């Protein structure tokens, strides 16, 4: 009897384990032992001329001295093997992306009203779906995979928040929600409401929220730097007007909304909670003299990374990590 009871509790713990924790354990098995799953480092610039186990490869790609070209080449190689060989390399891709998927899941789970398991599963499902059709000829493969995972998780979050909430005993009031959101949510909403195109949202996200220079973005997207500057300026003007319109539509008795209306430029400065810093000190991002610089660029605080404890309980974080893992993931 005691043995059956122990087995029952053990099974409950397994059922309650989060999907990314399961993926982490499976990835650990792939890279443990005398013959860990590896990639031939001789095929990639900057990697050792030997077989590199995937756990070591992931650590190397997280370092700042790992070039973006090397990261994209490695990720294109991993995704192709996942498409050609299936299960093992699909799991390998998931393990390599765990830092990005964990930060995404943690942020969404902290705001998800239901079981964190559900939103973790949606994030993982979005990532796996993107593996099959993502364009490997474009740069920033991991960033785009992470965005696909985030969109899937955010769709589940939006659906859960839109569902009617039963009023239970002990119901109490709470502070009003701020009339602006995390920059990822703002950009996604702006695209959904046709305020921005996907390309404009990608331009703002890459050059404002990440650490890409506008020159680099222009080269990657086959346009000129001057055209990219002008496109970003027009898009940001529409985005700021959109944020202000949303703020004016809030409850007039909302003290947060009143504070925002008193400072019209504040939503653009505080799309992300916390202190802001300049977007880039790179010479590539110096605004040409013929182009007027947008007054309030979006802030870009450094992200936090990590896997364990992602969504197991709702952390008190007030903002989601950046759409990328540390810049060299």
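The table below gives the values:
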item: Rounded FRET efficiency, nearest 0.05, which uses the C-beta distance separating residue 162 from residue 241 and R0 of 35 Å; result: 0.85
item: Residues 215, 207, sorted so that the one with the fewest Cβ neighbours within 10 Å comes first; result: 215, 207
item: Residue 65 paired with residue 151, simple spin-label distance in nm, labels 7 Å along Cα-to-beta-carbon; result: 3.7 nm
item: Residue 42-residue 22 pseudo-label distance in nm [points 7 Å out on the Cα-to-Cβ vector]; result: 3.9 nm
item: Extended-chain gain in nm, criterion 0.36 nm per residue less alpha-carbon gap, residue 35 and residue 185; result: 49.7 nm
item: Separation in nanometres of the label points that stand 7 Å from Cα toward Cβ, at residue 193 and residue 135; result: 2.8 nm
item: Least to most buried among 72, 162 (fewest other Cβ within 10 Å first); result: 162, 72
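Since every read-out is calculated from the coordinates, none of them should be taken as a lab result. In this text the structure is predicted, and so the values were computed from the model without any measurement. Neighbour counts run over all protein chains shown; Cβ positions are idealised from the backbone, glycine included.
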